[in-house]
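Structure record follows, encoded as structure tokens.
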Amino acid sequence: MATPLNPNGNPVKVGNVTLRTPGLAGSAQSLPPQAPATRAAEQSTAELEAALARASVQPQETVEISGTREVGAPAGAAVRSTSFGEPAIEVTVPDAGGDWGQFLLAKDESGVVTWHFPVDTANRLDVTRGAATRTYVIRRFAAPAAATAATRGLFGALGKKLLKVLAFRLLDPIGGEVGDYFAARWEARSRPYRFRSFLPASYQAEDVPPLGPDDWHALSAGRSLLMIHGTISRTQSAFGSLSPATVQALHDRYQGRVFSFDHFTLSEDPKQNVEWFFSHVPDGTKLEVDVVCHSRGGLVARELAERESEFSLGSRQLAVRRVVFVAVPNAGTILANADYMNDFVDSYTNLLNFLPDNGVSETFETVITVAKQLSVGALRGLDGLQSMKPGGGFLTALNTGARDGKRYFALSANFEPKDPGWKAWATDRLLDKIFKADNDLVVPTLGVYDRNGSGFFPIEEREVFDKDAGIAHTAFFGDPRVQAKILEWLA
């Protein structure tokens with residue numbers, strides 16, 4: 001049975017959850033969290049449930065809020081704000097127990113999904129253990145529901161708010177204790193390093209064999225093409241939206257010498273990624289490569305290209321000729337700052353939610369891994385993400401030095417969502433309060449190619465897509481214009 005909300009800010013009990021919603025009218029009801037045939041199950045897609053199950057995350061409470069409308073809080077009502085100063089609602093839930101961590105996923109009426117971690121009265125992360133309850137602060141906003149879509153990539157029906165309280169054991173069965181360096185253990189088990197083939201018949205598949213001696217011998221026979229994925233990704237999810245015709249064209253052009261590099265993106269910085277690369281290429285290999293790279297993978301590509309002399313010792317040789325940077329944070333992204341890591345996972349989650357593509361569940365599982373660390377206040381051990389911090393140690397060191405004969409190309413975009421609710425969230429939060437500049441929802445548009453201190457920049461050979469192009473950070477490779485530009489530059 002639905003319970004009316006109290007716009008005056010007085011608490012309302014909904015199942016085991018207490019809601020304070022000053023200025024927001026509507027009704028709420030508790031949904032059974034674990035019965036597959038109930039309405040709670042209808043509010044999640046198979047991709048979301050699969051990712052949560054693989055990450056050993058369990059539903060604790062589920063609340064559906066419908067009929068929402070902002071009515072204004074009465075004078076004298078206690079109105080709590082988010083850390084950005086936005087009017088908020090307050091959600092108090094039972095603690096999961098001393099051996100458990102907890103976070104909350106909130107979906108608004110338009111389908112925008114945001115992560116929330118327990119906070120104290122000053123909106124600081126609450127990492128205490130043993131308390132009876134946890135409190136979450138969520139932006140108070142009755143979002144306009146999209147008129148043309150019924151579902152999203154992670155959650156079900158639109159038009160209602162959904163609050164999912166999720167719990168996980170602090171001693172994870174895969175990654176061990178959730179805390180500093182948890183992501184490193186998880187990546188070692190679930191996203192290990194490897195060189196893999198990139199074949200027209202299997203480039204979208206996860207289960208492909210690593211490169212063997214015959215493969216390395218073939219790669220040494222002429223110029224090859226190396227694909228390097230970006231943050232929270234793997235080869236098949238990063239490049240799986242390339243058309244079969246484009247992949248075949250690349251194979252024809254390089255006579256089959258196309259391969260990719262799967263690597264840690266959370267716990268190790270690009271310098272460490274390249275050290276693994278250098279140490280695992282067999283002796284006697286002579287590589288002359290062009291590179292296509294996405295997002296953080298471009299920083300790996302630059303480490304590889306600008307340190308190639310360190311590799312070319314003894315019987316191994318490396319020469320990087322051309323690099324195509326696709327949405328690469330060459331000047332960093334402010335979402336890598338500690339203050340905005342919550343917004344980093346929010347942005348990636350909504351890209352998965354509104355623009356679902358290959359590997360939604362696999363990619364979302366990586367997002368959950370980051371969220372686990374953030375929920376316990378553990379930022380150490382996320383060196384892979386911190387490497388993208390503007391002005392940080394890694395980028396400061398990388399963006400120096402003179403230019404040589406390599407050719408750099410850049411693809412960049414300014415993206416604005418079309419869905420009303422997603423657009424409102426992206427504008428109000430990412431553009432107005434965080435980036436304050438054109439961006440693709442993860443990386444600033446100018447930062448891909450503009451001056452940054454390195455002699456290789458600015459990149460003159462570039463294509464910049466404006467808002468009308470509709471290309472978001474994770475949607476480049478499925479766009480025919482992007483594929484055509486890659487083929488043109490690698491001719």
Check: Of the residues that make up the range 184-206, is at least one at pLDDT 95 or above, touching a Cys at 6+ places or on another chain (Cβ under 8 Å) and in a strand (DSSP E or B)?
Finding: no
Note to self: Looking at the range 62-91 only, could you name the residues that are acidic (Asp, Glu) and farther than 14 Å from Leu5 by Cβ?
What the structure shows: Glu86
Next item on the list: Pairs only if they're at least six apart or on different chains, beta carbon under 6 angstrom, first in the range 466-480 and over 15 Å from Asn350 (Cα atoms), second part of a helix (DSSP H, G or I) and aliphatic (A, V, I, L, M); list them, first residue then second.
Entry: Phe476/Val482
Margin query: Return the residues of the range 190-244 that are over 22 Å from Phe325 (Cα atoms), surrounded by fewer than 17 Cβ atoms within 10 Å (Cβ to Cβ) and of a type in the set (A, V, I, L, M, F, W, C); say none if nothing qualifies.
Written below: Ala201, Ala205, Ala218, Ala221
Note to self: Of all residues being touching a strand residue (DSSP E or B) at 6+ places or on another chain (Cβ under 7 Å), of a type in the set (Gly, Ala, Ser) and touching a residue at least 24 places away in the same chain (Cβ under 8 Å) in the range 397-449, which is surrounded by the fewest Cβ atoms within 10 Å (Cβ to Cβ)? Just the residue, please.
What the structure shows: Ala410
Next item on the list: State all residues of the range 111-128 that are surrounded by 13 or more Cβ atoms within 10 Å (Cβ to Cβ) and of a type in the set (D, E, K, R); if no residue qualifies, say none.
Entry: Asp126
Next item on the list: Would you check if Pro329 is of a type outside the set (Gly, Ala, Ser), part of a loop (DSSP other than H, G, I, E, B), touching a residue at least 40 places away in the same chain (Cβ under 8 Å) and surrounded by fewer than 19 Cβ atoms within 10 Å (Cβ to Cβ)?
Entry: no
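Which residue, of Leu318, Leu287, Leu352, is without any contact (Cβ under 8 Å) to a residue 60 or more places away in the chain and over 16 Å from Asp269 (Cβ atoms)? Reasoning before the result, please.
On the way: Leu287 fails: without any contact (Cβ under 8 Å) to a residue 60 or more places away in the chain; Leu352 fails: without any contact (Cβ under 8 Å) to a residue 60 or more places away in the chain.
Result of the check over Leu318, Leu287, Leu352: Leu318.
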Check: Taking the range 391-414 on its own, how many of its residues are under 17 Å from Phe435 (Cβ atoms) and out of contact with any helix residue (DSSP H, G or I) (no Cβ under 7 Å at 6 or more places or on another chain)?
Finding: 2
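The values are calculated or read from the model by the stated rules, or taken from the named source; none is laboratory data. A quick note: this is a predicted structure, and the numbers were derived from the prediction, not measured. Please note: Cβ atoms are built from the backbone with ideal geometry, for glycine as well, and neighbour counts cover all protein chains shown.
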